[in-house]
1. Considering every pair of different Cα atoms, what Kirkwood radius, in Å, is found for the chain?
2. Taking the Cα centre of the chain as origin and charging only Cβ (+1 Lys, Arg; -1 Asp, Glu), how large is the dipole, in debye to the nearest 20?
3. If amide hydrogens are placed 1.01 Å from N in the peptide plane, which non-local residues have theirs closer than 5 Å to the one on Val36?
4. Given the peptides 59-66, 47-54, 71-78, arrange them by the average over their residues of other C-beta atoms within 10 Å, most packed first.
5. Could you pull out the trypsin sites (Lys or Arg not before Pro) across segment 1-49 that fall in loop regions by DSSP (anything but H, G, I, E, B) with no more than 14 other Cβ atoms inside 10 Å?
6. May I ask for the angle, rounded to the nearest 10°, between helix 2-26 and the longest principal axis of the chain, with both axes built from Cα atoms and the value confined to 0 to 90°?
Amino acid sequence: MIEQARSALVGQYGAALAMLAECIAKCPADKWHGAVGNFPFWHAAYHVLHFTDLYLSRDEASYLALEFFREGYQYFERRPDPPHEPIVPEVPYERDVLARRPTNLTDPQTPRP
């Protein structure tokens, strides 16, 4: 039963990441910096990639940031830890960078770099 649930969750994560990859690949240039809620599309996409990678790591201590990690860009508006500094991404991510996301995010058996 546990293996079936695990398999279903891995499949759902894989499908969601595949959908995000397609959205990144097909996002029109004029929408890349457009708002998704209160934030640019590229920022929302990076946020999802970063935290999916973090949450699927064995633990926080073993987490290795994405190769294209930029400090603070994973947050929206303010850092969650004191002193809660505002987050102002100065250089947006380009489509080709986010499209290179790791392909092993949904496989917990795959060794992490």
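1. On the way: mean 1/r = 0.0652 Å⁻¹.
Kirkwood radius, the chain: 15.3 Å.
2. Details: 11 positive and 15 negative charges, 49 e Å.
So the dipole magnitude of the chain works out to roughly 240 debye.
3. Amide H to amide H, under 5 Å and 5 or more residues apart or across chains, Val36 pairs with Phe41.
4. Numbers: 59-66: 10.4, 47-54: 17.5, 71-78: 14.8.
Averaged packing, sorted descending, gives the order 47-54, 71-78, 59-66.
5. Numbers: sites: Arg6, Lys26, Lys31; in loops: Lys31.
When the trypsin sites (Lys or Arg not before Pro) of segment 1-49 are filtered for loop state and at most 14 Cβ neighbours within 10 Å, Lys31 remain.
6. For helix 2-26, the angle is close to 30 degrees.
Quick note: the coordinates plus some simple rules give every number you see, no bench work behind them. Bear in mind that the values here come from a model prediction, so they are computed numbers and not experimental data. Here Cβ is always computed from backbone atoms with ideal geometry, including for glycine, and neighbour counts include all displayed protein chains.
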